[in-house]
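Rule-based calculations on the coordinates, nothing more; no lab input. Since we're looking at a predicted model, the values are computed, not measured. Here the Cβ positions follow ideal geometry from the backbone for every residue, glycine too, while neighbour counts run over all protein chains shown.
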């Protein structure tokens, strides 16, 4: 799954799943742009993606980007095209997560999850698609969640945002099939990242529930999602579009 000569734009690419996706695409030959609100990972013990890219000799660029801000997204995509001459792969990974019962959800928390997760995905697609139309290998990989396919405890806003990404993916796949832009999504289950580190460290009941819901005898690693993203970004997925690839150790099954 060689990506030589291609340019990939990864939102939220500094930490967790985004870090693994960025490094995987870069090691497979793509020049990569990390669009994130921070350059370094959220967890101190997580390796900087830029160290991995430097070691592999990958052309890369960091653009500080709030994906919910249309001006910031436009600037980031423009800088990408100006630097590398085009765009072939968009990975919408940036996301936030918090848990509340619907009637207890602060309006600010609802707005933040919808703004970053769903609006951010839409804005990046909106800005990138004109450039992807010019590519011979246009690919969009969105990050949904198993919570975008079914309900999840105390997560009304998160489920709404990820459910929106799921169906936005399908609609974009239909709308841009004639342009040969593949649009797919990944729906991870429990992946060990900074987003859930607090729960894994402090909430034994939650961890036991996750273990009971996951048939595979471990939780997912960011690299599990990175490998799935590589498939969807490569020529191997050229006849796959509008698909939601579940990466969850059998949880959804």
Report summary line: Of all C-alpha pairs within region 1-123, those more than 22 angstrom apart amount in percent to 35 percent
Report summary line: Here, residue 112 and residue 64, labelled 7 Å along Cα→Cβ, have an inter-label distance in nm of 1.9 nm
Report summary line: What helix-only [θ] at 222 nm does the chain give? Using -39500 (n - 2.57) per DSSP H run of at least 4, over all residues, to the nearest 500, the answer is -12500 deg cm²/dmol
Query - Mean Cβ neighbour count within 10 Å, used as a protection proxy, ranking 25-33, 9-17 highest first - result: 9-17, 25-33
Report summary line: The helix 222-233 Cα axis meets the longest alpha-carbon principal axis of the chain at an angle in degrees, between 0 and 90 and rounded to 10, of 40 degrees
Query - Gained length - residue 56 relative to residue 194, 0.36 nm times residue gap less alpha-carbon distance - result: 47.2 nm
Query raised in the report: To the nearest 0.05, how large is the calculated FRET efficiency for residue 213 and residue 103 if R₀ is 22 Å and r is the Cβ-Cβ distance?
Result: 0.35
Report summary line: As a Kirkwood estimate from alpha-carbon pairs, the chain has a hydrodynamic radius in angstrom of 18.0 Å
Query raised in the report: If each residue's Cβ is checked for other Cβ atoms within 10 Å, how do 158, 100, 176 rank with the fewest at the top?
Result: 100, 176, 158
Query raised in the report: Tell me, how many Å apart are the Cα centres for region 166-224 and for region 86-131?
Result: 15 Å
Report task. Mind pulling the angle between the C-alpha long axis of helix 156-175 and the longest principal axis of the chain? Nearest 10 degrees, somewhere in 0 to 90. Result -> 30 degrees
Query - Between helix 70-84 and the chain: long-axis angle, C-alpha atoms, 0 to 90°, nearest 10 - result: 40 degrees
